[in-house]
Every structure is written in structure tokens, then in C-alpha cells.
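J.: Have a look at this one.
The values are calculated or read from the model by the stated rules, or taken from the named source; none is laboratory data. If you're wondering where the values come from, they're calculated on a predicted model, not measured in any experiment. Don't worry about glycine lacking a Cβ; one is built from the backbone with ideal geometry, like all the others, and counts go over all protein chains shown. Note: areas computed on protein heavy atoms with side chains; ligands, DNA, RNA excluded. Shrake-Rupley method; radii C 1.70, N 1.55, O 1.52, S 1.80 Å.
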Amino acid sequence: VDLEVQVPKQMDMDIDDGSGSAIVENIKGDVEIDDGSGSLMVQGIEGKLRVDDGSGSLKIENIVGIVEVDDGSGSLSIRDVDGSVEIEDDGSGSITIDTVSKDVYVGDAGSGSVTIRNVSGTVTRHD
């Protein structure tokens, strides 16, 4: 089943997605996503973004605000963030972070490669 939901652009959102691919884009407001499995693309958010992702690829782009991620497994790509990035935990899969205007913190990176580029603030890793 494919489902498309359109909401006002300026709105805080709390999304709980069990499985399947999802795209969340162009929101002015804080966004919290609990994603069980499947690919997830988040882009064009102006506000705090919090993602708890179970499994599957996660791609985050063009964010103005704070990005917080807890990722179970699958590749994680974060780029073009005008704000800070905090990865609390990543079970497995590669992590790529590119172009962040403030600080980047990576807690437990789990298994997989970690690539961090073009960060204007401080980069902190605790493996």
C-alpha cells in the first residue's frame, strides 16, 4: 500500500513508521520520526530533527536546525546541515557526514566505516 500524506508546511510532526520506505520533506517545524524498518529519506526540514531508525538506509539532507539520530542498522548519510549533528548510537552500517555548520558528535559508531567532512565546528567521537 502506497500512502501519501500532505500537511501544512509549518507544523511540528511526530511520525511513527513501522515498515516500508518513507520520505519526509519540506517541513518548517520540529520533526520526530520513529522508523522501524525500510529506507527513510528526510530533507528540507527547518527545525529540530530527531530520528530513531531501526533498520534500513537513512538519508538526511538540507536541514536547518539540530539533527539527532539513533540508528540500528543500515547506511546513514547526513549532509548539508545548518546546525549541529548528534549520532547517539549506530549499530551497524556506514556513516557519512558532510557539510555541517556547527558541531558533530558521534557516540557509539558500531561497525562500519565513518566518514566526516566539511564540519565548521568541533567533531567528537566516542567509540
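J.: Would you be able to tell me the number of residues in segment 74-87 that are farther than 11 Å from Val100 by Cβ and open to solvent by less than 40 Å² (accessible area, probe 1.4 Å)?
T.: 4
Conditions (1) among the acidic types (Asp, Glu); (2) surrounded by 19 or more Cβ atoms within 10 Å (Cβ to Cβ), marked per residue:
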residue	(1), (2)
Asp35	yes, yes
Leu40	no, yes
Gln43	no, no
Asn62	no, no
Gly65	no, no
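J.: In this structure, does Gly91 turn out to be touching a strand residue (DSSP E or B) at 6+ places or on another chain (Cβ under 6 Å) and not aromatic (Phe, Trp, Tyr)? So that I can check it myself, show each step before the final result.
T.: On the way: touching a strand residue (DSSP E or B) at 6+ places or on another chain (Cβ under 6 Å): yes; not aromatic (Phe, Trp, Tyr): yes.
Answer is yes for this residue.
J.: Which of the following residues is closer than 29 Å to Ser120 by Cα, acidic (Asp, Glu) and open to solvent by 70 Å² or more (accessible area, probe 1.4 Å): Asp30, Asp52, Asp90?
T.: Asp30
J.: Return the only residue of Gly36, Gly65, Gly74 being within 17 Å of Tyr105 (Cα to Cα) and among the small types (Gly, Ala, Ser).
T.: Just one listed residue meets the conditions, Gly65.
J.: Now for a separate question. Residues of segment 78-127 being touching an Asp or Glu at 6+ places or on another chain (Cβ under 6 Å), without any contact (Cβ under 8 Å) to a residue 24 or more places away in the chain and among the hydroxyl-bearing types (Ser, Thr, Tyr), which ones?
T.: Once the filter is applied, which keeps residues that are touching an Asp or Glu at 6+ places or on another chain (Cβ under 6 Å), without any contact (Cβ under 8 Å) to a residue 24 or more places away in the chain and among the hydroxyl-bearing types (Ser, Thr, Tyr), segment 78-127 yields Thr99, Ser101, Tyr105, Thr122.
J.: Please go through segment 100-123 and pick out each residue that is of a type in the set (Gly, Ala, Ser) and modelled with pLDDT of 95 or more.
T.: Listed by number, the residues that qualify are Ser101, Ser120, Gly121.
J.: Right, here's the next one. Identify, please: which residue in segment 91-127 is polar (S, T, N, Q) and in a loop (DSSP other than H, G, I, E, B) and is, among those, farthest from Asp30 (Cα to Cα)?
T.: That would be Ser113.
J.: Let me ask another. May I ask you to list pairs of residues, at least six apart or on different chains, whose Cβ atoms are under 7 Å apart, with the first in segment 42-53 being without any contact (Cβ under 8 Å) to a residue 24 or more places away in the chain and more than 12 Å from Asp30 (Cβ to Cβ) and the second being among the acidic types (Asp, Glu) and surrounded by fewer than 19 Cβ atoms within 10 Å (Cβ to Cβ)?
T.: Note: pairs meeting the criteria are Gln43/Glu25; Gln43/Glu61; Gly44/Glu25; Asp52/Asp34; Asp52/Asp70.
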